[in-house]
Structure formats: structure tokens, C-alpha cells
Amino acid sequence: MRVSAIKDSLDQCPPAVAGVGSAASKAHISLGKQYQVHAVSIVRGVVLFQIIDDSQAITWLPAWLFETSDSSVPKDWICNWFATDPQMVLGAEFVASSQASYHKMVALDPVSVAAFRSRLASQSSLAPESESPPEVERTAAHRPLPPAVLKLAALVVSLIIAALLGEVALRLFFSKMLSRPDDERSLMYRYDKTLGWFPLANRQARLFGSRAFGVTNNSEGFRAPERTAGSKPGIVFLGDSFVWGYDVEAAERFTDKLQTEHPDWTIYNLGVSGYGTDQEYLLLNQHFDAYKPRVVFLLFCVETDHDDNSSNIRYGGYYKPYCTILGNRLQLQGIPVPRGERVFFAEHRCLARSALARLLVISWFKVAAPRELHNPDPTGAIIRDLQKYVASKGSVFVMGLTRSNPRLEEFLRYFKIPYVDLATSERYAGFGEHWTPQGHTFVCDKIDRFLVEGKYLSQSP
């Protein structure tokens, strides 16, 4: 990257420029002379170039003094953004890797200066020797570029500076509006064209909700031990974050406690955070033959599942499949599931660090993404279809409810679907009011009595 000096004094510079860069009003540069730029930074909204001035000193001068003649940057340069000054550094790793590296270079730390000189020497040794006499070289260096090239270069530099200033403004004034906080779906899940999202296999993470808790996925993506073949009767638990175990360690979940109480059973936890009943039905359809459970236990989240089942998008930008009712038949819609902005940010984490990129992506999805739908609630039809599917596989279908729901309970009694009310006050106050470890113990005990008294693991449907 090269620049030409168009001013050699800071006497009439804007106030913002006067506050940064060299403390002297007279810069040690010559009008019309070209200088190689070794790094670029933004400090208090002002763009600075690192050059070697006429006194052979390594210095940082405002871009206001120069006109860019060559905007190309070396391949080994990196760019980093920071919350405090310098707001941005573009250059070699020894100056741009961190704010500390930048400040050491500004302070002319001996180690940083040595790295600077070494890089400069290596560039000189790689440059081809000129066979032209000095007079010819000076003439070629001062030969004016075509006007079209100058205009294009000016346009490119203007766009880069405008983008950098826009980035700074967005970070200062619109950071909350453009933030997309990570959750278990963005950290632990991947896009799935049928289900919307699905856990990543063999993934580990430490998450923070009402408390910190660890998550480990098995080779199939479930937060559970590896599946093993055996002759013990099996129970598949389907559900959302209440089954998955938000805000608790795996060993504190009701499924793990139930397995400890009944080593003669095999408990399979197929909970996936954020799923509606429609996604849970599709998930069971994909995995039933591999697990072959004696009992399928659907945990229905009264707080969210009705809304989950009625919409095609949930949790701030995650698309999902949805069902409609045509006549008396359930119709699956929305497959393949569209990719939303949350999926884009999860798959392009480096790009998502830029506030300007986030603004452009959010704006694009607002215009181009499918609109949010709110259909008549198909929950009853989904549950009835799920009951028939499980019965066709020779297994028993039962349900649990996170809270009392008289209308749904009447539906379940009418279609002879056994259920248990798991309402408890042992919940956290925030983050979806999930069960505490004590709440999971309460739920485990109720499900244990329900399954034993109903003898569901020893009966045929």
C-alpha cells in the first residue's frame, strides 16, 4: 500500500485529526513524495498510516495528509477490531494481533521495532533489482496515473473509509440492536433441512442460563450416553429443553435419575432444546427403528408447545417445519426448512463479528426471508397422529404435561392417551422457568410412579 503526501502540516487540520497522530504541527514528509504504508489504525475515529518519514523515523500520521496511490495490501496483513482505542488495526501480526501489540509498536518497543525492520529487510531482498538508471526511475515514479485509475482508487479508498467509520458508529450507538446473543442452538446445534436445527455430534460446551452447566453430546448428537444394544425394555423420552435439561447438569435430569432408580430399564433421552411437538414427531420417525422402545413418553411443554406447533419460525430467527390440517388430514409444510439469519451467523462467526455485516445480513433476511406464519393450532392432530404411529410400531404412547391444561387433558382422556401432570414450583425464575435439580427429582418420582402403576413397560398397546 502506497500513499502520496498532499499536505505536510497539521496547522489547518480538523479538530478530530489534531487530537491524534504526531504531536508536531509540521510533519517530516515532502509534498508529492510517495510513502509505503506499513500498517493502518483507527484511533478515536481517525484513520492513521504507519510510515517511515523523511527523517527515517517510524511514525503514525493521519490519512488526512495523504492521497492513496496504491490501495493493495500485503497478503500477510491481518485486521482486528476492538471495543476501545485503537478501534481497528490493519497490518502485520506483530502490530495488529492485539491492542498490546499495537501499543508496543507505537511506543517503539525494541522487539516490535526489530520485527518491523526484519520484515522491511525481507521485502527489500525479495524485490527485483531495477536495471534502469536513477533518472529513469525518478521519472517513472512521478509519471501521473491515468485519471480513470485515480478516480477508481479514490472511490475504493472512500468506500473503505466509509465502511470503517460506519462500523465504528454502529458499534458505538447500535450495539444492542444488532447483537445476536449465542444460545444453546447457535453454540451446540447445526442446520437441518428437515428438523430446522439438530445437535452437533460429539460437541462439548459450558453454557450459562440461570446457572452454569456443562453439555456433552454423544456421537448421534443427543445429550445422552452412547446407545447400546440390549434386551432390557426401553423408554424414549421426547421433548424440548425440559427433557434436554436446560439449567441442570446431565446427572441432575429426571431421565438420568430414573435410570439410576431402574437399572432394569433402558432410558433414552432424545430431548432437543426448542423443539415443538411437530419436530419431536419427525425426530421419532427418524430414530424409532434404531431404538425400538417399548414406551414412547412425550413431555408436552404447556408454556410453549402450542405456539411452537402453530408457527414456522421461533426464538428470534430459527425456521422450522410446521403442520396444517387439510380436511381431517395432517399436512407437513416448510420442508426443506429455510436458512435464517441465526443459522447464517452461527455458520459465519468471523463475519458476524462485524456490526456492519450484521446490519446487512439482518436487512437482507428482513426482505428476502419467508415471512413468519401463525397457523391454527394443530397440536391435537399432531398428538393423535403420533399416537397412531407409535401404536403401529407395537409400542405404548404416554405423555407428561409441564403444567395443568384442562382442554388438552380432556383431549387426551377422549383418545385414551395416558398422561401425568408434572406441575411443580421447583423452577428457576428466569430463562424459561426450567426445573431446578429438586424439580427434576420431583418429576422423576412422579413419572416413576406413573410408569410402575400403569405397568406400561410390560404391556402391549
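Scanning the stretch 127-173 for residues that are hydroxyl-bearing (S, T, Y), farther than 28 Å from L360 by Cβ and either modelled with pLDDT of 80 or more or part of a helix (DSSP H, G or I) (or both) returns a single hit, T139. Taking the condition surrounded by fewer than 16 Cβ atoms within 10 Å (Cβ to Cβ), at pLDDT below 95 and either of a type in the set (A, V, I, L, M, F, W, C) or not in a loop (DSSP other than H, G, I, E, B) (or both), does A429 pass? Against the criterion (surrounded by fewer than 16 Cβ atoms within 10 Å (Cβ to Cβ), at pLDDT below 95 and either of a type in the set (A, V, I, L, M, F, W, C) or not in a loop (DSSP other than H, G, I, E, B) (or both)), A429 qualifies. For the stretch 308-327, a residue qualifies if it is over 22 Å from the mean Cα position of the chain (by Cα) and either free of Cβ contacts under 8 Å to residues at least 24 places away in the same chain or part of a loop (DSSP other than H, G, I, E, B) (or both), and the qualifying residues are L326, G327.
Among the residues of the stretch 416-426, the one identified as on the phi < 0 side of the Ramachandran plot and either surrounded by fewer than 12 Cβ atoms within 10 Å (Cβ to Cβ) or not assigned by TED's automatic domain parsing to the domain that holds F300 (or both) is S425. Of the residues making up the stretch 176-190, one or more are within 30 Å of P321 (Cα to Cα) and modelled with pLDDT of 85 or more. The condition of being in a helix (DSSP H, G or I) and either farther than 16 Å from L298 by Cα or modelled with pLDDT under 95 (or both) holds for G439. Could you look through the stretch 265-286, keep only residues that are under 14 Å from T228 (Cα atoms) and without any contact (Cβ under 8 Å) to a residue 60 or more places away in the chain, and pick out the one that is surrounded by the fewest Cβ atoms within 10 Å (Cβ to Cβ)? So, considering only residues that are under 14 Å from T228 (Cα atoms) and without any contact (Cβ under 8 Å) to a residue 60 or more places away in the chain, the one surrounded by the fewest Cβ atoms within 10 Å (Cβ to Cβ) is T266. Scanning the stretch 78-102 for residues that are buried (at least 18 other Cβ atoms within 10 Å of the Cβ) and among the β-branched types (V, I, T) gives V89, V95. Restricting S41, S97 to those that are over 18 Å from V168 (Cβ atoms), in the same structural domain as A114 (by TED's automatic domain parsing) and either modelled with pLDDT of 85 or more or of a type outside the set (V, I, T) (or both) reduces the list to S97. Taking the listed residues G334, G316, the one that is buried (at least 16 other Cβ atoms within 10 Å of the Cβ) and either among the β-branched types (V, I, T) or on the phi > 0 side of the Ramachandran plot (or both) is G334, with no other qualifying.
The values are calculated or read from the model by the stated rules, or taken from the named source; none is laboratory data. Bear in mind the structure is a predicted one, so any value in this text is a computation, not a measurement. In this analysis, Cβ positions are derived from the backbone assuming ideal geometry, glycine residues included, and neighbour counts consider all displayed protein chains.
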